[in-house]
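Presented below is the structure to which this report refers.
Here, each number is a calculation from the coordinates, and none is a lab measurement. Note that this is a predicted model, so its numbers are computed, not measured. A quick note on method: Cβ atoms are made from the backbone with ideal geometry, for glycine too, and the neighbour counts reach across all protein chains shown.
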Amino acid sequence: MSLTNTRDNYGRVARWLHWSTAALFLAAYCSVYFRQWFSEKQTPENLTALQLHLSVGVTIAVIVVLRVLWRLNTPQPADEPGTPLAHRAAHLGHMALYAVMIVAPITGYLGTGVDTDFFFLFDIPKFESTALFQTVVADGMGLDFKTFEKPIDFIHKDVLGAWLIWLLIAGHAAAALYHHFVRRDRTLLKMTSGG
């Protein structure tokens, strides 16, 4: 199997980036749901789950940057036969997924009220502690962190996290399964075995 994409299949790099992103989103959700459902606020378990969520979020941001760079610089496999409307819907779905993969980590970082102890290795300062926050938000917009945080948290938690990401992931997975089991084309195989 090739490292780069071919006309028929995604290469090892694209597959690794795709499945790593999927695993990281799952880890982000597991950590945040553990925090909400199985731990009390401000306990060591709760704070550890928060730090894992933040660390995974930073990792997602790095992987997504690599994904975007790879996608922009590597030809994509050819589309499977289908109608122009189906191809347009698939491309719009992918664009929506990329938008969410970019916006979720950014809003997560901007709205976080604590430093990120990146996998307990080193600290990443919270946005509120940066010169950028002071220059753009506090001085430029005249907002304190609490006021700035509310709409950012709404986007990250209530829109993206609560339903939009799940809806897009479910649609993406359903489309892949539809192509594999109903259309019986190579769409899913391109990102798995390449067979």
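I'd like the distance between the alpha-carbon centres of region 61-112 and region 2-29, rounded to an integer number of Å.
12
With r defined as the distance between the Cβ atoms of Lys41 and Leu85 and R0 fixed at 45 Å, what FRET efficiency is calculated, to the nearest 0.05?
That gives a FRET efficiency of 0.40.
Any chance you could run the full-extension gain for Val58 through His94? It's 0.36 nm times the residue separation minus the Cα-Cα distance, nm to one decimal.
10.8 nm
Straight-line reach from Lys150: which lysines have a Cα under 28 Å away, not including same-chain ones fewer than 8 places off?
Here the lysines satisfying the reach criterion relative to Lys150 are Lys41, Lys126.
Looking at region 12-191 from every direction and averaging, what is the projected area of its Cα convex hull in nm²?
Result: 12.7 nm².
For Lys157, Lys190, what ranking results if the residue with the fewest other Cβ atoms within 10 Å of its Cβ goes first?
By the 10 Å Cβ count, ascending, the order reads Lys157, Lys190.
With θ set to phi - 60° and the Karplus curve 6.51 cos²θ - 1.76 cosθ + 1.60, what are the ³J(HN,Hα) couplings of region 76-93 in order, to the nearest whole Hz, using x for Gly and Pro?
8, x, 5, 5, 6, x, x, 7, x, 5, 5, 5, 4, 4, 5, 5, 5, x
Nearest 10 degrees, 0 to 90: what angle lies between the long axis of helix 165-177 and the longest principal axis of the chain (Cα atoms)?
10
How many nm separate the modelled label positions at Thr192 and Trp70, each set 7 Å beyond the Cα in the direction of the Cβ?
1.9
Per-residue ellipticity at 222 nm for the chain, helices alone: DSSP H runs ≥ 4 residues times -39500 (n - 2.57), over residue total, nearest 500 deg cm²/dmol?
-19500 deg cm²/dmol
Near the amide H of Ile124, under 5 Å away, which other amide H atoms are found, from residues 5 or more places off or on another chain, if H is placed in the peptide plane?
Long-range HN contacts for Ile124: Thr116, Asp117, Phe118.
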